[in-house]
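The values are calculated or read from the model by the stated rules, or taken from the named source; none is laboratory data. Just so you know, these numbers come straight off a predicted model, no measurement behind them. Note that we place each Cβ from the backbone using ideal geometry, even for glycine, and neighbour counts take in every protein chain shown.
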Amino acid sequence: MSERPPPQDCLSCKIIGSCTFLGLSGYTFMHYLQTPKAQVGNRMFMAAAAVGFAGVGIARAVWTPRQQPS
């Protein structure tokens, strides 16, 4: 079986993917701010989700897969 090289990630794919997750993070954070402070569990979940989405967006922007040694 022949080994194929890993697929290359185009720049527009990185930009769209990063902006999508960063936008989702902003949207979730906006809802975090609008949630009443009495709903502590919901606020914690939304804050964690917003941080997670931001992390994925940043990782998508800067991370590139390593090439496998031949």
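Do we have any residue at all in the range 11-32 that's surrounded by fewer than 11 Cβ atoms within 10 Å (Cβ to Cβ) and modelled with pLDDT under 95?
At the first step, the residues of the range 11-32 found to be surrounded by fewer than 11 Cβ atoms within 10 Å (Cβ to Cβ) are 11-12.
From what's left, modelled with pLDDT under 95: 11-12.
Checked against the condition, which is being surrounded by fewer than 11 Cβ atoms within 10 Å (Cβ to Cβ) and modelled with pLDDT under 95, the range 11-32 yields at least one hit.
How do the pairs read when you match residues in the range 33-61 that are under 22 Å from residue 12 (Cβ atoms) with residues anywhere that are among the polar types (S, T, N, Q) and part of a helix (DSSP H, G or I), using Cβ under 6 Å and keeping only pairs 6 or more apart or on different chains?
53/25; 54/25; 57/18; 60/18; 61/18
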